[in-house]
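Taking it in order: structure first as structure tokens, then the write-up.
The values are calculated or read from the model by the stated rules, or taken from the named source; none is laboratory data. The structure displayed is predicted, hence computed values, not measured ones. Cβ sites come from the backbone with ideal geometry, for glycine too, and all protein chains shown count toward neighbours.
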Amino acid sequence: MAIHPCYWVTLALALSACSQAPDRAVHTVGDYRIDRALRDTTLKACADDPGALGNTPDCVNAQSAAAWNGAGGLRNLPPMKLDPSKNPLKSSSAEPGTHSGDSRLPP
């Protein structure tokens with residue numbers, strides 16, 4: 001006895017309806033950008049257990065917010081207060097509008 005093709009279609013639809021829905025993030029990237037404590041707590045949890053949490057939606061959102069906010073970057077540092085007299089590209093003997101030192105720079 002042959003099985004009708006509609007049986008296989010019905011079976012496939014029934015099994016796909018029973019599959020687990022993908023995980024959704026509890027917090028958005030915007031939430032993590034606004035709340036630094038929440039972002040830091042989530043990033044620490046993700047770093048402590050990357051095997052279980054590393055690619056979860058909340059870890060991805062927290063990492064994205066950290067990158068967006070420049071965590072660990074130069075953006076949050078105070079001015080460096082460099083001494084302009086020690087600029088290697090500026091020479092006292094050079095004429096205005098010319099560069100000395102690096103020949104790759106345009107005049």
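Take the residues in region 28-63 that are of a type in the set (S, T, N, Q) and within 12 Å of the chain's Cα centre (by Cα); name whichever of them is surrounded by the fewest Cβ atoms within 10 Å (Cβ to Cβ). For region 28-63, the residue satisfying everything is 63. Look at (1) at pLDDT 60 or above; (2) out of contact with any Gly (no Cβ under 9 Å at 6 or more places or on another chain); (3) surrounded by 10 or more Cβ atoms within 10 Å (Cβ to Cβ) and you find that residue 90 fails only one, number (2).
Counting the residues of region 1-52 that are modelled with pLDDT of 70 or more and within 30 Å of residue 65 (Cβ to Cβ) gives 30.
Return the residues of region 63-87 that are modelled with pLDDT of 55 or more, closer than 30 Å to residue 43 by Cα and among the small types (Gly, Ala, Ser); say none if nothing qualifies.
Answer for region 63-87, where residues must be modelled with pLDDT of 55 or more, closer than 30 Å to residue 43 by Cα and among the small types (Gly, Ala, Ser): 64, 65, 66, 67, 70, 72, 73.
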